[in-house]
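A.B. asks: Just passing along the structure, written as structure tokens.
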Amino acid sequence: MPKKISVSQLKSGMYITDVGSDWMTHPFFRQQFLIKEDQVIQRLIKAGIHEVYIDPDRGLDVVDAPSEKEVQQSIETELVRLASRVSGHTPVVALGEAALDAQKVYDEATRIIRGIMHDVRLGRQVQGEDVEPAVRNITATIIQNRDALLSLCRVKTKDNYTFQHSVSVGALEVTFCRALGLDPETTRLAGIGGLLHDIGKICIPDEILNKPGRLTEDEFSAMKRHVVEGKRILEEADQIDPVSIQVAYEHHERADGSGYPEGRRGTDISLLGRMAAICDVYDALTSERVYHRPMMPNEALRKIFEWSKFHFDAELVHQFVRIIGIYPVGTLVLLRSGRIGVVVEQSEQSLLTPRVRVFYDSVHQVAIPTADIDLSRPMGHGGADEVAGPADPDAWGLDWTKSMGSTFWTP
């Protein structure tokens, strides 16, 4: 069983199973490796990594270190405490009614971002007025039913990843702003910054962006330049507010100063920049890439919560958990009844009682007709069940496919 230790406890001969950081802010492509020299430890420290997980069965041990299971149980307890509060979000339109509109908005926003990046590659300037319709429609859709749009944010294709990731971060940033009660103009500017946060990647060679193996130090340095290039592009653009530019420029800064490009710390990073960092990492973790498998949404939240000790604004992470839910839309869950389903909508009453689309009987290990279970309702009214915990799709041999407005899991 892996154990969690401080980097100050690392020694040559220890086997790392998790570097305790999102891969976008450290130069280690692999999460698991044997430490063979002290220089590797110094590189970990330089990269701003404070804690790692080690496997005592594959290398040296730290006897009194907490196990990964103990750490996860502690985090789950804290997440449940945070989730015990009401979500504070009442959909104006039911999920089913909002799904089709959300799909249209998502597709149109993706088309707009693709067109903007294409134009910039051809040497044209970004036009602020081109982004406005996407932000306006995203905001309107989130007001109607944010789960309808956020469920689509997990659905990405290889060829459109950069564009769809940009739309997802923009949608998450708008959702975050609205939940925090920020004014409409600030929300609009934050949404624009989210949509354009990765525009500098058009200046990074494709062989680096899509490299399936570990980046060299020079390649990692080149990758980090996308935020600087993005700032330059947006400053040269027409009608892009400095607030939106700052969101894009700061989305890789980290609270402990380990981020880039400037290594800003704490509140030296703007509020919207700190929010964008959380949105960016959450969407990246839950997306499939050439170099990593997607995490389940609840697992990604747990990781972000764990990393908030050093890398993120802890209070903003707490708020993000309350907004997204302890079992975010798209999470595969096991119910007490033994049924397995996917979370399709958050509850107005409690983040612990979402709406779940069940499709599998784990007791008899057979598919069952799909049915929606509203866990906030009592017996006889579509409820009378509860989440036992997240379900590992690999453990049940389940693959996920995508469908209009929601994520389905099928055997």
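The values are calculated or read from the model by the stated rules, or taken from the named source; none is laboratory data. All values derive from a computational prediction rather than experimental measurement. Cβ: placed from backbone, ideal geometry, glycine included. Neighbour counts: every protein chain shown.
A.B. asks: Looking at the stretch 209-262 only, could you name the residues that are over 24 Å from residue 306 (Cα atoms), free of Cβ contacts under 8 Å to residues at least 40 places away in the same chain and among the charged types (D, E, K, R)?
C.D. replies: 218, 219, 225, 229, 231, 232, 235
A.B. asks: Residues that are touching a Gly at 6+ places or on another chain (Cβ under 8 Å) and aromatic (Phe, Trp, Tyr): which helices (runs of 4 or more DSSP H) entirely in the stretch 171-289 hold 1 or more of them?
C.D. replies: Correct list: 242-250.
Yes/no per residue for (1) more than 15 Å from residue 4 (Cα to Cα); (2) in a loop (DSSP other than H, G, I, E, B):
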{"position": "31", "(1), (2)": "no, yes"}
{"position": "36", "(1), (2)": "yes, yes"}
{"position": "41", "(1), (2)": "yes, no"}
{"position": "45", "(1), (2)": "yes, no"}
{"position": "48", "(1), (2)": "yes, yes"}
{"position": "52", "(1), (2)": "no, no"}
{"position": "56", "(1), (2)": "no, yes"}
{"position": "59", "(1), (2)": "no, yes"}
{"position": "65", "(1), (2)": "no, yes"}
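A.B. asks: Name the residue that is farthest from the chain's Cα centre (by Cα), counting only residues in the stretch 282-316 that are closer than 23 Å to residue 81 by Cα and aliphatic (A, V, I, L, M).
C.D. replies: Of everything passing the filter in the stretch 282-316, 314 is farthest from the chain's Cα centre (by Cα).
A.B. asks: One residue is enough: does the stretch 342-357 have a residue meeting the conditions free of Cβ contacts under 8 Å to residues at least 60 places away in the same chain and under 18 Å from the mean Cα position of the chain (by Cα)? Show your work before the answer.
C.D. replies: In the first step, residues of the stretch 342-357 are kept if they are free of Cβ contacts under 8 Å to residues at least 60 places away in the same chain; the result is 343, 353-354, 356-357.
Narrowing further to those that are under 18 Å from the mean Cα position of the chain (by Cα): 343.
Yes, there is a match, as at least one residue in the stretch 342-357 is free of Cβ contacts under 8 Å to residues at least 60 places away in the same chain and under 18 Å from the mean Cα position of the chain (by Cα).
A.B. asks: If the requirement is being modelled with pLDDT under 90, among the basic types (Lys, Arg) and not in a loop (DSSP other than H, G, I, E, B), which of these qualifies: 302, 322?
C.D. replies: 322
A.B. asks: Also, quick follow-up: Quick check: is even one residue across the stretch 374-389 under 23 Å from residue 75 (Cβ atoms) and either in the same structural domain as residue 155 (by TED's automatic domain parsing) or in contact with a Lys or Arg (Cβ under 6 Å, 6 or more places away or on another chain) (or both)?
C.D. replies: Yes, the stretch 374-389 contains a residue that is under 23 Å from residue 75 (Cβ atoms) and either in the same structural domain as residue 155 (by TED's automatic domain parsing) or in contact with a Lys or Arg (Cβ under 6 Å, 6 or more places away or on another chain) (or both).
A.B. asks: Can you pull out every residue in the stretch 204-233 that is of a type in the set (A, V, I, L, M, F, W, C) and within 24 Å of the chain's Cα centre (by Cα)? Spell out how you get there, then give the answer.
C.D. replies: Filtering the stretch 204-233 down to residues of a type in the set (A, V, I, L, M, F, W, C) leaves 204, 208-209, 215, 220, 222-223, 227-228, 233.
Listed by number, the residues that qualify are 204, 208, 209, 215, 220, 222, 223, 227, 228.
A.B. asks: Within the stretch 148-161, take every residue that is under 15 Å from the mean Cα position of the chain (by Cα) and either touching a residue at least 60 places away in the same chain (Cβ under 8 Å) or surrounded by fewer than 19 Cβ atoms within 10 Å (Cβ to Cβ) (or both) and give me the one that is farthest from residue 325 (Cα to Cα).
C.D. replies: Taking the candidates together, the pick is 161.
To keep it simple, each residue is scored yes or no on (1) within 22 Å of residue 173 (Cα to Cα); (2) not aliphatic (A, V, I, L, M).
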position	(1), (2)
296	yes, no
303	yes, yes
312	yes, yes
316	yes, no
320	yes, yes
328	yes, yes
332	no, no
